[in-house]
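The block underneath contains the structure these notes are about, expressed in structure tokens.
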Amino acid sequence: MRHALLVAGLALVAAVAGCSTPPARSAEQVKLTIKGQPVLDAQALQAQAESELSYALNFGLVARAGRTASCWFARTGAESEVDTRLWCGPVQVPGTAAAGDWVPVPMKEVERSEAGVRLVVEPAQVPEQGSRSTPVGKLVRTDGLEADPAKEGVSQAGPDFLAVLPDDGRPLDPVPDAWIRDDQLEVRVTGYGRPESWRTEQGDLTAEHGVRLRVLRLEVDKHTETDPAFGQSQWHGWQPQRPELALELPGRHHPLPGDRLPASGSVLVVYTVPESGGTEALSLATVGAKSLEQRVEVPSGKALTDIPPALRRAHSPERPPTARQQVRVGDKTGSLGVSGLRLGRQRPVSYGAQYELVTASQPDRALLELRLEGRDLPRVAGAAITQDLVAVTLPDGQRAPLVGARYDGDTFPVAVVVEVPADTRSVTVGVTGATVALPQLGTVPVAGEGSPVAVPLDF
């Protein structure tokens, strides 16, 4: 099976003509050595490495990028010395920029004699998606062709081409309602295009025969980097794992490398799709003990999987709430306010001296986090006691069950997390009266004064 794929892929490699500047051909006989001894059967090694490259092309691990992809020896500085790896390209590793990438193919020494060194080709070391490998020096083939890898660009995009590029603001068709999120990553499709060509730093990019270019503009918010609740170092149980964002195309699943996405901002994704068409979708995999798979079609935004209702709502309002209630602690009166909201499926809460990630109990439930801010109140480490006094009440009059809280050494928690129906549009928050024993203060009355404050959730 693999042999058939290699033959087919090699035919594909050979069939692609390129637009880059042709490599220079040396008029002298090519001498290739490793540790001073000639490389035996160098041409056969090139052919074997090209079979490895065709395997990577067939399985979408790399994409054709214009000029015919082939395998080269790399000079290491001395006149005839070459690297112990062959370098195959130019290709494009999905998830990188729109630039020429190279696949290293190691060679293993099996025999050394007076005639020279005999090598065998090992499996190609295909870079991970979003990563690049660069040859160690100038390139040369046994037939005398020479090339500079730094000058090998991308001119034509083949199947499985996918580049993640900085957003240069070029206009695309607006997309009103295509987005996907969990509690750590939110991605909105704000633009979509079907260009015949796309200008890059290396020139105009076109699609080769059989595929078409597509462009997405993605607005990204990595909550794990922008939300301080996830910035903890000690976790109980499952530490929050980075969610996996991918672009799904007919017959292919292309991860979008997190390192290529901004913490908060926009990027362009330039890719190819089969000329015959098919569904394009963004997928988001929440990883961990409570894993979740979501898929939405682009550019329509249609959900292709059952998505919890809480994740079809925004995670927070555009403007923070300003609700405050007067609170008395002992003989001192101050106020406790709601300074921020988060609505979703998972939230970090305190677990002793550590933190843990809690999850809503049912798909139709949501976790609501209320971030609290005290003013003019005593500062004592009493949050583990007072958390039960913060009452969050639903529109039907029932008290939302407390799931957890986060502490910062103050009298009240810095945040409380309750579970609510996913379609809840408002709650009230207030401090219930009780007499409690607090550090440094002893046994004191704690109570909210006046009515609980309303907190709208219409976002």
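Scanning region 439-459 for residues that are under 46 Å from the mean Cα position of the chain (by Cα) and either free of Cβ contacts under 8 Å to residues at least 24 places away in the same chain or not in a strand (DSSP E or B) (or both) yields 439, 451, 452, 457, 458, 459. Is it fair to say residue 126 is β-branched (Val, Ile, Thr) and within 33 Å of the chain's Cα centre (by Cα)? Yes: the conditions hold for residue 126. Give region 292-321 a look and list any residue that's outside any helix (DSSP H, G or I), small (Gly, Ala, Ser) and at pLDDT 95 or above, or say none. Within region 292-321, 300, 301, 303 meet the criteria.
Counting only strands (runs of 3 or more DSSP E) wholly contained in region 157-241, the ones carrying 1 or more residues that are hydrophobic (A, V, I, L, M, F, W, C) and under 21 Å from residue 100 (Cα atoms) occupy 162-166, 197-200, 203-207, 211-222.
Just one residue in the set 286, 272 is over 26 Å from residue 63 (Cβ atoms) and buried (at least 18 other Cβ atoms within 10 Å of the Cβ); that residue is 286.
Scoring residue 436 on the criteria (1) part of a strand (DSSP E or B); (2) surrounded by 18 or more Cβ atoms within 10 Å (Cβ to Cβ); (3) of a type outside the set (S, T, N, Q) leaves a single failure, condition (2).
Of all residues in region 86-122, those that are surrounded by fewer than 24 Cβ atoms within 10 Å (Cβ to Cβ) and either among the charged types (D, E, K, R) or more than 26 Å from residue 60 (Cα to Cα) (or both) total 13.
Scanning region 148-177 for residues that are touching a Phe, Trp or Tyr at 6+ places or on another chain (Cβ under 7 Å) and under 30 Å from residue 77 (Cα atoms) yields a single hit, 149. Residue count for region 290-348 under the criterion of being farther than 19 Å from residue 423 by Cα and among the charged types (D, E, K, R): the result is 10. Number of residues in region 252-286 that are assigned to a loop (DSSP other than H, G, I, E, B), out of contact with any helix residue (DSSP H, G or I) (no Cβ under 8 Å at 6 or more places or on another chain) and touching a residue at least 40 places away in the same chain (Cβ under 8 Å): the value is 6.
Note on region 322-333: residues that are in a strand (DSSP E or B) and touching a Ser or Thr at 6+ places or on another chain (Cβ under 9 Å) amount to 5.
The values are calculated or read from the model by the stated rules, or taken from the named source; none is laboratory data. Here the structure is a predicted model, which means the values were calculated and not measured. As a convention, Cβ positions derive from the backbone with ideal geometry for all residues, glycine included, and neighbour counts pool all protein chains shown.
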